[in-house]
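Structure first, commentary second.
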Amino acid sequence: MTDRRQIREATRIFILCVFWYLISSSNNVIGKLVLNEFPYPMTLTMVQLLSISLYSGPLLKCWNIRPGLQSSFSKDYYWKLIIPLAFGKFLSSVFSHISIWKVPVSFAHTVKASMPLFTVVLSRVLMGEKQTLPVYLSLIPIIMGVAVATVTEISFDLVGMWSALIATCGFSLQNIFSKKVLHDTGVHHLRLLHMLGQLALLMFTPVWAIFDLWNIIQHVNIKQDANMFMIFIYLFADGLLNWLQNVVAFSLLHLGGVSYSTFRMKFLYRFYNGMD
């Protein structure tokens, strides 16, 4: 019975991982389409944070998710973990958009696939977490794949590559410390997502206003630009997909008990070895 329950749970998490990958890939493609016509990566981040803040509230009410323990965060804990998580959320998003702006989506997504490597290494360094030998061995194809993609990439851009690496490292740190907050406080994972989205939006708005908003006012004629309608559609789709991606990602953090990037490797190994 226990094995069946484990298989059911692992299968459900694997399906969520597949959904996460599909949503993430679609989101990157749409983001590239937007940035080709509307080269303002910070605005994409702004739209995504706004989408998380707007859509998460009604979802929490619809599912009757109450505030719970989030109100019991101490001031010290809040400043040490919650604020840095929110800061990292918008910073990683900005670098992610710069990467898909500067390099092909396929290359950016290949670098993003190295997230398990970052997560395993950072978890070991920061949290002292150890993984099994198969998990460490499963990192080898990831390292080789990213190396081959980097060497053979025709449209190579150094800024794009480093932006992708910084974004991936940032997302890995978010996974690790979001898991810690969920474990330490018992706050609902979607409530945590909503809170981080709102805080990140609050912190990022002045940055966006100084850089992107000012440039948009100076250089973009919304009334005369024939492509603006499609750009607005793409921005809406990008924000919605990113919100769904975050909902799936935080659900995986909650269900898996580990960062979802690491769990993907663990699941594949255990599934093909009878869940032993």
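Output the number of residues of segment 128-160 satisfying the condition of being of a type in the set (A, V, I, L, M, F, W, C), modelled with pLDDT under 80 and in contact with a Lys or Arg (Cβ under 8 Å, 6 or more places away or on another chain).
1
Restricting to segment 96-110, name every residue that is of a type outside the set (Ser, Thr, Tyr) and either farther than 17 Å from residue 245 by Cβ or surrounded by fewer than 23 Cβ atoms within 10 Å (Cβ to Cβ) (or both). Result: 98, 101, 102, 103, 104, 105, 107, 109.
For segment 70-95, taking the residues that are of a type in the set (Lys, Arg) and surrounded by fewer than 14 Cβ atoms within 10 Å (Cβ to Cβ), the one that is nearest to residue 47 (Cα to Cα) is identified as 80.
Test residue 100 against the criterion of being part of a loop (DSSP other than H, G, I, E, B), closer than 25 Å to residue 196 by Cα, of a type outside the set (Gly, Ala, Ser) and in contact (Cβ under 8 Å) with a residue 12 or more places away in the chain, and give yes or no.
Here the answer is no, as residue 100 does not meet what is asked.
Taken over segment 193-202, residues that are surrounded by fewer than 21 Cβ atoms within 10 Å (Cβ to Cβ) and either among the charged types (D, E, K, R) or in contact with a helix residue (DSSP H, G or I) (Cβ under 6 Å, 6 or more places away or on another chain) (or both) amount to 2. Of the residues making up segment 51-65, just one is modelled with pLDDT under 90 and either of a type in the set (Asp, Glu) or surrounded by 10 or more Cβ atoms within 10 Å (Cβ to Cβ) (or both), namely 65.
The values are calculated or read from the model by the stated rules, or taken from the named source; none is laboratory data. What you see is a predicted model; the values in this text were computed from it and never measured. Because the Cβ atoms are built from the backbone with ideal geometry, glycine has one as well, and the counts that use them run over all protein chains shown.
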